[in-house]
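Participant: The structure's right below; bear with me while I get my questions together.
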Amino acid sequence: MAMRSRLAFIGGGNMAEAILGGLLATGYPLSQCVVSEPLQARCEFLHSKYPGLQIVSGPSANQLAVNGSTSAASTAALISEGSVHINPTAASSHSDFSAAEVVIFAVKPQVLRTVVEDLGSVLRTKKPLVISIAAGIETGAIARFMAEGTRVDPRSLPPVIRVMPNTPSLVLEGAAGLYATSDATPAQRHVAESLMAAVSKQVSWVERESLIDTVTGISGSGPAYFFLMMEAMEDAGVALGMDRETAKALTIQTCLGAAKMAQTSEDDLKTLRVKVTSPHGTTDAAIKTFEAGGFRELVAKSVGAADARSRELALELGGKDLSNKL
Ligand SMILES: O=C(O)[C@@H]1CCC=N1
């Protein structure tokens, strides 16, 4: 499968947009992407931001995005019966849809089961590579969703690769973790890795599926931790009398500069910190206050809470009750 594979995004929310936006920025052909998105307002937003992108909506949208439509006539029939809505540009320029080679489930974990079950038949027939970015839901559960209502041999199911990207993918600065089931071929792993690499500076495979929960706790949710830290620093500057704009600008550049130093320096993180911290100086006063407030323990507890929530989602939404059906 080449890196110009036909991609179907099931769900056109923030993460789909981050990945799609990054791919397009690196020259991935727009004509090879289709997005299935149920919310009309979101479709209109995507349509105006990415003119010419194929966006499908309506009851048969997921099916069409994955299955493709071999003729313009059958697409037109779906449109006229109201089963699918396609934006005008896409309908006129790309009314022929080829089947997706890669299906990216970019939906909330709460709706993953419904959409995968809904697509079970086409996934089992066309066997695209299935990539899920939904937090928590395990590959075994996704396979069960694909086989729901059938007695199919799990070995005949398409392989599943779980990916945990993060929103900085939108500015091509993502960090992503990947996990593949053993039936994924090297070529399929390469496709998933290349998709992530197009929008991420750091792409890491994990050997055990449970480590995807940890990836979620570190880099998946991580941007929010840094935003929180920056919010708090901006507010602290304002509380000390600085105007908000200046406090914000200084905070953001400090964060970026520190990250760049951490990335390029030979020193480890601790050494870098110590080098800023003159004995009994200003940084020392701040760091001592952080440590006295239990900062490290709080961070460990918070990352642990995200990791635990990911495992909880697997139990809540993973359909363990269906495990005996395979
Ligand atoms: O908060 C969430 O559930 C998702 C997973 C990682 C980032 N956002």
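Participant: Being open to solvent by less than 20 Å² (accessible area, probe 1.4 Å), under 24 Å from Pro159 (Cα atoms) and away from the ligand (no atom under 16 Å from the Cβ), is that true of even one residue in the range 213-230?
Facilitator: Within the range 213-230, not a single residue is open to solvent by less than 20 Å² (accessible area, probe 1.4 Å), under 24 Å from Pro159 (Cα atoms) and away from the ligand (no atom under 16 Å from the Cβ).
Participant: Please go through the range 195-212 and give me each residue that is open to solvent by 30 Å² or more (accessible area, probe 1.4 Å), under 24 Å from Phe9 (Cβ atoms) and in contact with a helix residue (DSSP H, G or I) (Cβ under 9 Å, 6 or more places away or on another chain), ordered by number. Full working, then the answer.
Facilitator: We begin by selecting, within the range 195-212, every residue open to solvent by 30 Å² or more (accessible area, probe 1.4 Å); these are 197, 201-205, 207-211.
Those left that are additionally under 24 Å from Phe9 (Cβ atoms): 197, 201-205, 209.
Result: Lys201, Gln202, Val203, Ser204, Trp205, Glu209.
Participant: Would you say Gly174 is within 16 Å of the ligand (Cβ to nearest atom), under 12 Å from the mean Cα position of the chain (by Cα) and in contact (Cβ under 8 Å) with a residue 24 or more places away in the chain?
Facilitator: On the way: within 16 Å of the ligand (Cβ to nearest atom): yes; under 12 Å from the mean Cα position of the chain (by Cα): yes; in contact (Cβ under 8 Å) with a residue 24 or more places away in the chain: yes.
Yes: the conditions hold for Gly174.
Participant: What pairs come up if the first residue lies in the range 202-226 and is under 13 Å from Ala175 (Cα atoms), the second is open to solvent by less than 20 Å² (accessible area, probe 1.4 Å) and of a type in the set (Ser, Thr, Tyr), and their beta carbons are under 6 Å apart, counting only those six or more places apart or on different chains?
Facilitator: Thr216/Ser310
Participant: Please specify each residue of the range 175-185 satisfying the condition of being at pLDDT 95 or above and either open to solvent by 60 Å² or more (accessible area, probe 1.4 Å) or among the small types (Gly, Ala, Ser) (or both). So that I can check it myself, show each step before the final result.
Facilitator: Our first condition is that a residue be at pLDDT 95 or above; within the range 175-185, this holds for 175-180.
Residues satisfying the conditions are Ala175, Ala176, Gly177, Ala180.
Participant: OK, next. Checking the conditions here, which among Ser98, Ser69, Ser57 is modelled with pLDDT under 95 and under 22 Å from the mean Cα position of the chain (by Cα)? I'd like the intermediate steps shown before the answer.
Facilitator: Working: Ser98 fails: under 22 Å from the mean Cα position of the chain (by Cα); Ser69 fails: under 22 Å from the mean Cα position of the chain (by Cα).
On inspection, the qualifying residue turns out to be Ser57.
Participant: Output the residues belonging to the range 237-273 that are open to solvent by 100 Å² or more (accessible area, probe 1.4 Å), more than 19 Å from Phe226 (Cβ to Cβ) and touching a helix residue (DSSP H, G or I) at 6+ places or on another chain (Cβ under 9 Å).
Facilitator: Answer for the range 237-273, where residues must be open to solvent by 100 Å² or more (accessible area, probe 1.4 Å), more than 19 Å from Phe226 (Cβ to Cβ) and touching a helix residue (DSSP H, G or I) at 6+ places or on another chain (Cβ under 9 Å): just Leu240.
Participant: Can you give me the number of residues within the range 105-121 that are open to solvent by 10 Å² or more (accessible area, probe 1.4 Å) and either more than 15 Å from the ligand (Cβ to nearest atom) or not β-branched (Val, Ile, Thr) (or both)? Spell out the reasoning first.
Facilitator: First, the residues of the range 105-121 that are open to solvent by 10 Å² or more (accessible area, probe 1.4 Å): 106-111, 113-115, 117-118, 121.
So of that shortlist, the ones also either more than 15 Å from the ligand (Cβ to nearest atom) or not β-branched (Val, Ile, Thr) (or both) come out as 106, 108-110, 113-115, 117-118, 121.
The total comes to 10.
Participant: Determine which single condition Thr185 fails, assuming it passes every other condition in (1) more than 16 Å from the ligand (Cβ to nearest atom); (2) among the polar types (S, T, N, Q); (3) under 17 Å from Gln202 (Cα atoms).
Facilitator: All conditions are met except number (3).
Participant: Could you please find all residues in the range 274-307 being of a type in the set (Val, Ile, Thr), surrounded by 11 or more Cβ atoms within 10 Å (Cβ to Cβ) and over 30 Å from Glu209 (Cβ atoms)?
Facilitator: So the first thing to find is which residues in the range 274-307 are of a type in the set (Val, Ile, Thr), and the list is 274, 276-277, 282-283, 287, 289, 299, 303.
Subset that is surrounded by 11 or more Cβ atoms within 10 Å (Cβ to Cβ): 274, 276-277, 283, 287, 299, 303.
Listed by number, the residues that qualify are Val274, Val276, Thr277, Thr283, Ile287.
Participant: Which condition from (1) of a type in the set (S, T, N, Q); (2) within 16 Å of the ligand (Cβ to nearest atom); (3) at pLDDT below 95 is the one that Asn324 breaks?
Facilitator: Every condition holds for Asn324 apart from (2).
Participant: Of everything in the range 266-312 that's outside any helix (DSSP H, G or I) and farther than 21 Å from Ile218 by Cα, which residue is nearest to the ligand (Cβ to nearest atom)?
Facilitator: In the first step, residues of the range 266-312 are kept if they are outside any helix (DSSP H, G or I); the result is 266-268, 277-281, 293-294.
If we keep only those that are farther than 21 Å from Ile218 by Cα as well, we get 266-267, 277-281, 293.
Numbers: Glu266: 32, Asp267: 30, Thr277: 32, Ser278: 37, Pro279: 39, His280: 40, Gly281: 37, Gly293: 25 Å.
Applying the filter and picking the extreme gives Gly293.
Participant: Among the residues of the range 1-38, what is the count of those that are within 16 Å of the ligand (Cβ to nearest atom) and closer than 15 Å to Ile131 by Cα?
Facilitator: Of the residues in the range 1-38, the ones within 16 Å of the ligand (Cβ to nearest atom) are 11, 13-19.
Still in the running and closer than 15 Å to Ile131 by Cα: 11, 15-16, 19.
Of the residues in that region, 4 qualify.
Participant: Also, quick follow-up: Would it be correct to say that Gly27 is surrounded by 14 or more Cβ atoms within 10 Å (Cβ to Cβ) and assigned by TED's automatic domain parsing to the domain that holds Asp118?
Facilitator: Working: surrounded by 14 or more Cβ atoms within 10 Å (Cβ to Cβ): no; assigned by TED's automatic domain parsing to the domain that holds Asp118: yes.
No; evaluated as a whole, the condition is false for this residue.
The values are calculated or read from the model by the stated rules, or taken from the named source; none is laboratory data. None of the values given here were measured: they were computed from a predicted structure. Reconstructed Cβ throughout: ideal geometry from the backbone, glycine too, with neighbour counts over all protein chains shown. Surface areas here come from the heavy atoms of the whole protein model, side chains and all, with no ligands, DNA or RNA. Shrake-Rupley method; radii C 1.70, N 1.55, O 1.52, S 1.80 Å.
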